[in-house]
Amino acid sequence: MVNYTKYSMKQFIRVLCDVDCDWAGSEPVYRVYVDDELFAERTWRWQDVYLEEMIQIEAEPGEYVISYELVDSPGATIRVSNMRVDYGPGKIKGTLLKILK
């Protein structure tokens with residue numbers, strides 16, 4: 001008989017946050033990472049608008065850092081705010097996501 005309680009089980013978490021970008025010239029490109037894993041790379045095409053970003057994660061319980069970076073976008077700035085767990089057993093403080101058992 002297998003004792004499943006000694007094994008960690010992956011959990012599904014949905015994180016939401018508000019993303020805004022200021023730029024002039026070429027449309028900036030940004031990347032979203034969970035720890036060192038690239039989750040998305042997107043081109044920002046909107047002015048004077050913020051978007052609600054959704055990050056869906058299936059992972060073992062533990063701590064994960066969610067980060068955003070601009071890619072070859074001189075003069076652009078990106079702002080990420082209101083990061084929160086929308087679904088699943090987790091909590092978030094700043095950019096640190098803690099997935100619970």
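Each value in this text was obtained by applying a stated rule to the coordinates, not by laboratory testing. Computed from a predicted structure; not experimentally measured. FYI the Cβ positions are ideal-geometry reconstructions off the backbone, even for glycines, and counts take in every protein chain you see.
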Report task. For a footprinting-style exposure proxy, rank LEU96, LEU38 by other Cβ within 10 Å, fewest first. Result -> LEU38, LEU96
**Report entry** Least to most buried among SER81, SER67 (fewest other Cβ within 10 Å first)
**Finding:** SER81, SER67
Query raised in the report: Quick one: Cα convex hull volume of the chain, Å³ per residue?
Result: 94
Report task. Choose one answer from VAL32, VAL19, VAL71: the residue with the largest mean-square fluctuation in a GNM of the chain with alpha-carbon springs under 10 Å. Result -> VAL71
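How about region 1-92: which chymotrypsin sites (Phe, Trp or Tyr not before Pro) there lie in a loop by DSSP and see at most 12 other Cβ atoms within 10 Å?
On the way: sites: TYR4, TYR7, PHE12, TRP23, TYR30, TYR33, PHE39, TRP44, TRP46, TYR50, TYR64, TYR68, TYR87; in loops: TYR7, TRP23, TRP44, TRP46.
Hits after loop and neighbour filter: TYR7, TRP46.
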